[in-house]
Amino acid sequence: MSNEPRFVILIGPPASGKGTQAARLCQLLNIPHVASGDLFREHLKNKTELGLKAGAYMERGELVPDEITIGMVMERLSRPDCAAGALLDGFPRTIAQAEALDRVLAERGHRIAAVLYIKVPDQVLIERVSGRRICRTCGESYHIKFNPPQVPGVCDRDGGELYQRDDDKEETVRKRLQVYREQTDPLVAYYRQQGILAEINGDQPIDAVTAELRAALAASSCTRV
Ligand code: ADP
Ligand code: AMP
Ligand code: ZN
């Protein structure tokens, strides 16, 4: 068993289930969940300068510029809890972000263990987004039909209030899907070329997706699952 830090990336369109699966995989791998969208929402909630800048892009369904995003995520990855690795969710989303990540990990003597690409058809994504509810306290993702909390409107983990994200309205989602196709989808080829990409069928029940992800991790260099 190697003690090398494990950096694992989840790629997939908006609402493909990255956050839902990340919560489960992080427990298994015992590494922190680093979700760029959650970091931006935290900044926005605290009304930091970065948060207010990012919020304007998020509201329109656009990507926050690379220079803001890369600095924020790299700072997060420098914290002590990421010494054992991290599960990246929602980052990288552009080729420039992927190149910056490769560069920083290489400087630290680390590398990406696996890139897990969760594939889901567009019409399923729209249905998932419209029923998504998020915990204000911990960011856990629920679905009113597919993954309901035990008590409607209340987080199972911490009793936090569940809310609907502003950018989950239909017109913003369509924009986010277009941005995904144009700017993020090219990362699939980028990582496939590096021989570290695994394709996962995300259009199945949550447990079945987790099982496929675990199998892909076991087949990668990330053997501790
Ligand atoms: P992402 O982090 O990729 O944006 P989420 O994990 O928030 O996606 O999932 C989007 C929505 O779909 C949530 O409401 C979640 O509960 C629901 N969901 C996630 N995985 C599945 C699945 N396999 N089947 C049905 N619904 C799912
Ligand atoms: P998410 O929670 O991953 O759906 O992200 C919500 C929003 O945050 C996105 O629509 C973007 O506006 C912004 N965002 C999150 N991650 C990134 C990233 N890696 N690069 C640029 N913008 C991002
Ligand atoms: Zn919660």
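The values are calculated or read from the model by the stated rules, or taken from the named source; none is laboratory data. Predicted, not measured: the structure shown is a model, and the values here were computed from it. As a convention, Cβ positions derive from the backbone with ideal geometry for all residues, glycine included, and neighbour counts pool all protein chains shown. For accessibility, only protein heavy atoms count, side chains too; no ligands or nucleic acids. Shrake-Rupley method; radii C 1.70, N 1.55, O 1.52, S 1.80 Å.
Side notes on the structure shown:
- For GluC sites (Glu not before Pro), no site in the stretch 59-108 is both called loop by DSSP and has at most 10 other Cβ atoms within 10 Å.
- Here the accessible area is traced with a 1.4 Å probe on the protein chains. For the stretch 116-156, carbon and sulfur cover 53 percent of it.
- Charge sum, other residues only, whose C-beta stays under 9 Å from Ile144's C-beta, Lys/Arg counted +1 and Asp/Glu -1: +3
- Apportionment of accessible area to carbon and sulfur, the stretch 1-46, percent (1.4 Å): 48 percent
- Per residue, the solvent-accessible area of the stretch 118-225 (1.4 Å probe, heavy atoms of protein chains only, all protein chains present) comes to 55 Å².
- Approximate spin-label separation Lys45-Arg181, in nm, with each point projected 7 Å along Cα-to-Cβ: 3.3 nm
- Here each label is just a point 7 Å from Cα along the line to Cβ, and for Ile126 and Val154 those points are 3.5 nm apart.
- Surrounding net charge for Arg157, when Lys and Arg each add one and Asp and Glu each subtract one, Cβ distance under 15 Å: -2
- Length-normalised contact order of the chain in % [C-alpha pairs under 8 Å, at least 6 apart]: 29 percent
- In this structure the stretch 1-51 gives 44 Å² per residue of accessible area when probed at 1.4 Å with all protein chains present.
- Phi-derived couplings, Karplus 6.51 cos²θ - 1.76 cosθ + 1.60 at θ = phi - 60°, listed residue by residue for the stretch 36-42: 4, x, 5, 5, 5, 5, 5 Hz, with x used for Gly and Pro.
- Between Asp207 and Ala84, the modelled label-to-label distance comes to 2.7 nm, taking each label 7 Å out from Cα in the direction of the beta carbon.
- Mean ellipticity per residue at 222 nm, deg cm²/dmol - from DSSP H runs of n ≥ 4 across the chain, formula -39500 (n - 2.57): -13500 deg cm²/dmol
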